[in-house]
């Protein structure tokens, strides 16, 4: 008989999971929190950061729960003193080579390193040693890369390979000099990167940040509004980040179509919303020049002129272009107006273009 | 799309024809790339060696406009080698014999002469498509923007039916639509011949239903004009007034000079938009509209998925949501339209539209829904044509190859094709004003093959003058292996390179789509 489910205990909670599930997945199901950096449910299991270590009866060392498969009768302690000590050490080692500039970091408030340091009471690194001093990479209009803040979790490497399918960045060098770079250690701008920003969406710390959003608002100041992208017909979902009645950025949500993936237009193409060229008042052309008008004047003139053409030349002397940019509701209303009020079926839009 | 986007990842054979997916539909391309990583065969049919073509297992670099010869030859091989799906053809289709008779003459050798693709490659691809468990076809404007665009699509449908590669998960015929709500605009009846849900204006019962719901005595029975016909009639004074909402035909339509001339001749033009576009500049009245971030509503994507658009901020300045502006104009013309919310409009529409009848804002809060969704308990439809086609039996419509309307000649020796770039969108109205995209990709260029550039004395980066029978533009040349000899390519995203001044307005007689993918041009080094 094939065993399809196995039962184990985690922190004395009994949980049954499908065969093949990891201890981390079992813990999640049991409602037991285990901190992670490198783990991402959408990406291949990596087991690099060691933050998710647990104690398992009968196993000598502390295995990483994200890559340890749960077995029948396994007894797991996810918060034992040894586990806590190990996690603190992981954090201390990371902080020993991490700029502690949370005061000005755009990721502050949405950073796992910050969250776990708070959780485990780790203030600074207990280890003194060499620190990285990489220059900040901001030679593109989309993403700022601060490799001093990189914890080498490799999520960006896997997102680029497994979500975007481009494999632009990879681990290079060994030991302390290990770094994530495009081929030949050039900047993203000098590589074949398409700036989808899917690496930014999975970075758990401040190493990869949206260039404008990081300076536009603290993470806790923004209100996120889930909506649908205004560009191509794929229909990706994302969160508009709003502060003081202004859209200050776009971040991934878990969209039905796209998951967290977006393209450069969806993620970084929101600037038009508040562009100074936006039309903010009705305009009426007088002697070849546009003059500002009130809504009443403009609407009145439109109604009068359309009515005049209809009366003088008939309904079919009028035509309407609706918009593939606008909502269903607006397209419905405009064709209703065209047919019921103007009296013609001459309505179309750029479906063929 | 007959299938859903997610299903592409589950296909084991993808035939991508006339779609530059990685640039025009980046997120959909991720699914195709994922399928390929999982072992699927990716075949790309495109005159250009696009990024997707580079990734493909097989790139069929056909001559522009020769798609029907290729598609008919694929069917020819499948029939000749008896690889077709007998059960599907017998049980679910009709007119197979007529189709068989037509494709009989499209031997791979004949197709090789027309398309430039070797007969043996055509045979291999035909076998792969027919033998696949789940083959899917992706296409976009690369096959539709031709004078035979409708026939190209019919040829695709014929192939899918021949092999029974439709009506099942991950297998079907999938047009990838280019604009956020182009599917929804069609669904909503923003077309000259149909009300919402493709209910014909020529049908008395449909007109009676809408007239009753809208409280009017009658509705016009004669189909109206398509956008290209509108421009023609405006040019000849038959059209006197136009109302344009959120469209920029001056840059997006073929033969721009003609479009400008036509719009200028109108007695009255009102344009409603978020920017003073090239089209709005010609208007008598401009009405400032709210952007997608400033209003509630829904968009329907290319896989028929209805999704919410949510108001995040107030409209900028005195701008108003388009729906409120339409209501105000209508009221001023003596037909009050009163809706408290966008949801109320949706409800009225859903009552009149069988395919949307089961969808409401309340349901959309629980998750998106793909139409057809005929009632409130229906879960929506992930793929179409499962047990039968809409019309019952799937009809084979045999089609013949015809060459494009305007082919290169001595005066205009190169072929111009146009399309989209990854970093920009449509007429650039939005993407040229983001503070990011236009910073990174700020100028447009003309892709030209090394051999053509050399014979014209054009070096990489030189300014080139490109002329057709209808107009000319200046644009920087980029020597590129993406285009073969004889073909040049650029986008229509940049107002300063208004390439549609050159394009050919010759239309498909059925769908009225212009042949934007082929026109004859002359390229010279600009002085």
Checklist entry - In terms of the Cα gyration tensor, with a ≥ b ≥ c the square roots of its eigenvalues, is region A:132-211 rounded because a/c is under 1.5, prolate because a/b exceeds b/c, or oblate? => result rounded
Next on the checklist: Taking 8 Å as the Cα distance limit and 6 or more residues as the minimum spacing, I'd like the relative contact order of region B:5-176 as a percentage.
Outcome noted: 30 percent
Checklist entry - Taking the Cα atoms only, what angle lies between the long axis of helix A:295-313 and the longest principal axis of chain A, rounded to 10 degrees? => result 50 degrees
Checklist entry - On alpha-carbon atoms, Rg over Rh for region B:299-354 using Kirkwood Rh? => result 1.02
Checklist outcome for this item: Reduced to Cα centres, the span from region A:115-159 to region B:10-25 in Å works out to 37 Å
Checklist entry - Over region A:222-275, what per residue volume does the convex hull of the Cα atoms give, in whole Å³? => result 66 Å³
Next on the checklist: Which of A:274, B:59, A:39 has the fewest other C-beta atoms within 10 Å, and how do the rest follow up to the most?
Outcome noted: A:274, B:59, A:39
Item to check | Euclidean distance of C-alpha centroids, region B:460-496 and region A:272-337, integer Å | outcome: 35 Å
Next on the checklist: Based only on other Cβ atoms within 10 Å, what is the fewest-to-most ordering of A:158, A:60?
Outcome noted: A:60, A:158
Checklist entry - Roughly what % of DSSP beta bridges within the protein assembly as shown run antiparallel, to the nearest 5? => result 60 percent
Checklist entry - What share of all Cα pairs of chain B, in percent, falls into each consecutive 10 Å distance bin? => result 4, 16, 27, 27, 18, 6, 1
Next on the checklist: Could you work out [θ]222 nm for the protein assembly as shown from helices alone, using -39500 (n - 2.57) per DSSP H run of at least four and dividing by all its residues? Round to the nearest 500 deg cm²/dmol.
Outcome noted: -7500 deg cm²/dmol
Checklist entry - What ranking do B:333, A:184 get, fewest neighbouring Cβ atoms within 10 angstrom at the top? => result A:184, B:333
Checklist outcome for this item: In nanometres, the difference between 0.36 nm per residue of separation and the alpha-carbon distance of residue A:291 and residue A:60 is 75.1 nm
Item to check | Compactness of region A:172-265 - radius of gyration and Dmax, Cα, Å | outcome: 15.4, 47
Next on the checklist: Can you tell me how region B:112-230 classifies by the Cα gyration tensor, rounded, prolate or oblate, using a/c under 1.5 as the rounded cut?
Outcome noted: prolate
Checklist entry - Using alpha carbon centroids, what distance separates region B:313-373 and region A:37-108, in Å? => result 49 Å
Checklist entry - Can you pull the Rg over Rh of region A:40-94, Cα-only, Kirkwood? => result 0.98
Checklist entry - Can you give the three extents of the C-alpha atoms in the protein assembly as shown along their principal axes, from longest to shortest, in whole Å? => result 89, 70, 65
Checklist entry - Rounded to the nearest 5, what % of the DSSP beta bridges within region B:5-176 are antiparallel ones? => result 5 percent
Checklist entry - What is the mean number of Cβ atoms from other protein chains located within 10 Å of the Cβ atom of each residue in peptide B:220-232, rounded to a whole number? => result 5
Checklist entry - On average, how many beta carbons from a partner chain sit within 10 Å of the beta carbon of a residue in B:189-200? => result 5
Checklist entry - What shape does region B:90-171 have by the C-alpha gyration tensor, where a ≥ b ≥ c are the square roots of the eigenvalues, rounded means a/c under 1.5, and otherwise prolate means a/b greater than b/c and oblate the rest? => result rounded
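Only the coordinates and a few stated rules stand behind these numbers; no lab work does. All values reported here derive from a predicted model rather than from experimental measurement. Note that we place each Cβ from the backbone using ideal geometry, even for glycine, and neighbour counts take in every protein chain shown.
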